[in-house]
Amino acid sequence: MAMQILYFAWVRQKVGHGAETLEPPAEVTDVAGLMRWLAARSPGHAAAFAQPGQVRAAVNQEFCPPDHPVRPNDEVAFFPPVTGG
Amino acid sequence: MAMQILYFAWVRQKVGHGAETLEPPAEVTDVAGLMRWLAARSPGHAAAFAQPGQVRAAVNQEFCPPDHPVRPNDEVAFFPPVTGG
Amino acid sequence: MATIRVQEAPFDAGAEQAALAAGRADVGGIAAFTGLCRADDGIAALVLEHYPGMTERALAGIAAEAEARWPLTGCTIIHRVGRITPGEPIVLVLAASAHRTAALEACAFLIDWLKTGAPFWKREEFSDGRERWVEAKASDDAAAGRWRKG
Amino acid sequence: MATIRVQEAPFDAGAEQAALAAGRADVGGIAAFTGLCRADDGIAALVLEHYPGMTERALAGIAAEAEARWPLTGCTIIHRVGRITPGEPIVLVLAASAHRTAALEACAFLIDWLKTGAPFWKREEFSDGRERWVEAKASDDAAAGRWRKG
C-alpha cells in the first residue's frame, strides 16, 4: 500500500517536485525512518534531507515529531518551519 | 479675579448648569476647599457635592487630586469618574 | 504623528486603517480595537458627553505616551459623542508598527488608558424611558494600572 | 462560528469587521490585527506558499482554540497566498466579544499561534533578482509559547 508524500517550500525546491506516491519498505515505521529512506532516492532528496533537524513533518495534515509512526495510506508532508502571518 | 467652573455628567445635572464664573474668597486655596465652598451655594450644588469622594476634578484641563491648588483665572471642572471607550 | 478625532459622525474603520499604511512600506502590522454599543438590559441608546478641549488634550497625551513606549509608525484615536444606538461603534483605536508585538501592545494600552484617562461620560437610555449614568468600573482601573511603570 | 479563508485576492478589513457586528447588539468590542508586507532590505515581493487542506484545518483548529479560551461572539482569519508586494496586507485576524479584554487577548493569541501553527511559507524576492526563504524566528515561538497552558 502506498503513501502520498508532499514537499513544500525549499524542501520541494530541493527535491524537485511537490508530490509523489511511494511504497516504502516495511522497516520504515516512523517519520525519521521515512526521511532517511527518502534521502537515498536522489541527489535532490539527499539535499532536501541533508539537515533533518531543519525539516518539519505532518502526517495526515497534523504536525508530528520524528518518532511519529507512518503507515500505508498516510499522507506525509515535509517542509521547513512555518513562516506565515 | 474669577475662576471658570465647569460641571459634567450627573454633577452638571445636579448643579443645574454646565458652567459658571465665580470669585471664591481667598481662603479657598485647593480643589477640596473649592468643593466645600461650592456645595454651600444652592441645593443643587449641595446635591452634586454631597459625596465629595465620588466627584473628580480637573484644573486647567488636567486631572487633579483634592489637595491640588486652585488660583484666580484657573479653569476648574468637576465630574464623576470617567466612563468613555 | 497621531490622528485624534472626537466626532458625532460614525467612522470607517477600514479607511482609517488603510490611511495608516497608505504610501509607505515600513508598516508590518496594524492592531485595531473598535468598541461598540451593546443592547444589555434593554438599553435603547448611549448618550456620550465629553469635556471639549480637555478631551483632545487627554487623547493626544495618551497617544504620545504610546508613541514614547513603542516604536509606532502611527496611531489613531477616534471617539464618538452624542447619541449612539446598540450595534453602532463608539470608539476606534489603531496602532501601526514595523512589528506586530508593538502594534498589539500599543493598541491594548491605548484603549485601556482611554477608558480611565479621557473625560468621557456615558448615560444609558432604556426602552422604558429610564436613564442611568454608567458607573466607572474597578476592572477598568485595574486594566489601566497594569501599564503603570515600575 | 469562525470565518476562515485562504485566498490570493486582497481583503477588506473594514467589511470583515462590520460582518462580525452585523445584525447583532451583543458585541462590545472587536480587536483586529492586519499583517502587511514590508519593503525591508530591498524586498520587491513576498511569495506565500501553503499546504492546501492542512492550512484550513490548522486555521480552524486555532480559531476553535480561541473560542474555547475566550467568550467570543465570532472570529475571522483571512490569509493571503501568492505574490504580495510591499504595502499590501497579508493576513487579517479578528476577534469579537462582549468585552474588550477577551477580544484583545484572543486577537493576539490568534496571530501568535498562526505564525507558528499554520503551514505557510514566505519567499522573499529582491529587486536585484535574488530570492530567499524567510527563516522561522525564535521570537515567534516565544510569542506562541506564552499562550501555552500551565
Subject >> Span per principal axis, largest first, for the Cα atoms of the protein assembly as shown (Å) >> reply: 97, 49, 37
**OP:** Would you compute, from DSSP H runs of 4+ residues alone, the mean residue ellipticity of chain A at 222 nm, taking -39500 (n - 2.57) per run and dividing by the full residue count, rounded to the nearest 500?
**Re:** -6500 deg cm²/dmol
Subject >> Averaged over C:98-107, number of beta-carbon atoms from partner chains that fall within 10 Å >> reply: 4
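Please state the charge dipole magnitude for the protein assembly as shown, taken about the Cα centre, from unit charges on C-beta atoms (+1 on K and R, -1 on D and E), reported in debye and rounded to the nearest 20.
Roughly 340 debye, rounded to the nearest 20.
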Subject >> Closest Cβ on chain A to the rotation axis that carries it onto B (distance rounded to whole Å) >> reply: A:G85, 14
Original post:
Name the chain D residue with the Cβ nearest the axis that maps D onto C: which is it, and what is the distance in angstrom?
Top reply: D:G14, 1
Original post:
With +1 on each Lys and Arg Cβ and -1 on each Asp and Glu Cβ, how big is the dipole of segment A:3-79 about its Cα centre, in debye rounded to the nearest 20?
Top reply: 340
**OP:** Considering only DSSP beta bridges where both residues belong to segment A:3-79, give the percentage that are antiparallel (nearest 5).
**Re:** 75
**OP:** Put a label point 7 Å from Cα along the Cβ direction on D:E135, then list its distances to the equivalent points in the other copies in nm, shortest first.
**Re:** 5.7
Original post:
Given springs between every Cα pair under 10 Å in a Gaussian network model of chain C, which of C:A21, C:A68, C:A45 has the largest fluctuation?
Top reply: C:A68
**OP:** Please name whichever of D:P86, D:A44, D:C107 sits farthest to the positive end of the charge dipole of segment D:3-127, dipole taken about the Cα centre and charges placed at Cβ: Lys and Arg +1, Asp and Glu -1.
**Re:** D:C107
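Percent relative contact order of segment D:3-127, based on C-alpha pairs within less than 8 angstrom and at least six residues apart?
The value is 41 percent.
If you count, for every residue in C:37-43, the Cβ atoms of partner chains within 10 Å of its Cβ, what is the mean? Please list the in-between numbers first.
On the way: counts 3, 8, 4, 4, 0, 0, 1.
So the per-residue partner count for this stretch is 3.
Can you give the local net charge around B:L22? Use residues other than it whose beta-carbon is closer than 15 angstrom to its beta-carbon, Lys and Arg +1, Asp and Glu -1.
Net of charged neighbours comes to -2.
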**OP:** Enter the Cα centre distance for the pair segment D:1-77 and segment A:25-74, rounded to the nearest angstrom.
**Re:** 31
Original post:
With the calculation restricted to Cα positions, what are the radius of gyration and Dmax of chain B in angstrom?
Top reply: 11.6, 39
Original post:
Within the P(r) computed for chain C, what percentage of the Cα pairs occupies the region above 23 Å?
Top reply: 37
Subject >> Value at 222 nm in deg cm²/dmol, rounded to 500, when DSSP H runs of n ≥ 4 in chain C each add -39,500 (n - 2.57) >> reply: -10500 deg cm²/dmol
**OP:** Between copies, how far apart are the B:N73 label points? List them in nm, one decimal, shortest first, with each point 7 Å from Cα toward Cβ, please?
**Re:** 8.9
Original post:
What are the label-to-label distances in nm, one decimal and shortest first, from C:H99 to the same spot in the other copies, with labels 7 Å along Cα to Cβ?
Top reply: 3.1
Original post:
Dipole size in debye (nearest 20) for chain C around its Cα centre, Lys and Arg Cβ +1, Asp and Glu Cβ -1?
Top reply: 380
Original post:
Counting alpha carbon pairs within less than 8 Å and at least 6 residues apart, what relative contact order, in whole percent, applies to segment A:3-79?
Top reply: 41
**OP:** Would you mind telling me which residue in C:G129, C:G61, C:G14 has the biggest mean-square fluctuation in a Gaussian network model of chain C, where springs connect alpha carbons within a distance under 10 angstrom?
**Re:** C:G129
**OP:** Show which lysines lie in cross-link reach of D:K122 when reach means a straight Cα distance below 21 angstrom and same-chain residues fewer than eight apart are skipped.
**Re:** A:K14, D:K137
Original post:
Using the Cα gyration tensor of segment C:44-92, with a ≥ b ≥ c the square roots of its eigenvalues, what is the shape: rounded (a/c below 1.5), prolate (a/b larger than b/c) or oblate (neither)?
Top reply: oblate
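Ranked highest first by the average count of other Cβ atoms within 10 Å around their residues, in what order do D:50-57, D:3-10 fall?
Details: D:50-57: 18.2, D:3-10: 13.8.
Highest-to-lowest ranking by the protection proxy: D:50-57, D:3-10.
Where a number appears in this text, it was derived from the coordinates with a stated rule and is not lab data. This one's a predicted model, so the numbers in the text were calculated from it and none came from an experiment. When we count neighbours, we look across all protein chains shown, and the Cβ atoms used for this are built from the backbone with ideal geometry, even at glycine.
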